[in-house]
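One structure below.
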Amino acid sequence: PGAAEDPRVKMFQGRRDWFEGKRCLDIGCNSGAVTIEVAKTLGCRHIMGVDIDKSLIQKARNNLKWKASHQPPPSQDPANPP
């Protein structure tokens, strides 16, 4: 299952107030998949993932770079052109 299907993310969706606009910390972030999904869906102002395994941190960084490069550009508001 993907991070969006992770039971922790589903549970946290009912507690968006714990995350929205807040600084969040994921201890034991592993490859960062859940950390990235929490940041995307729950509105954290800032999120940091930490893990004891350096290879997992590198994997998390790579996952974040990949996700960031594959995001669609934000939609333009016609009332506020660039």
Amide hydrogen neighbours beyond the local backbone of residue 26, cut-off 5 Å, H modeled: 48, 49, 50
Mean accessible area per residue over segment 1-57 (1.4 angstrom probe, all protein chains present, square angstrom) is 67
With residue 34 itself left out, Lys, Arg at +1 and Asp, Glu at -1 over residues whose Cβ is under 12 Å from its Cβ give -2
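The values are calculated or read from the model by the stated rules, or taken from the named source; none is laboratory data. Note that this is a predicted model, so its numbers are computed, not measured. Note that we place each Cβ from the backbone using ideal geometry, even for glycine, and neighbour counts take in every protein chain shown. Areas reflect the complete protein model, heavy atoms only, side chains present, ligands, DNA and RNA absent. Shrake-Rupley method; radii C 1.70, N 1.55, O 1.52, S 1.80 Å.
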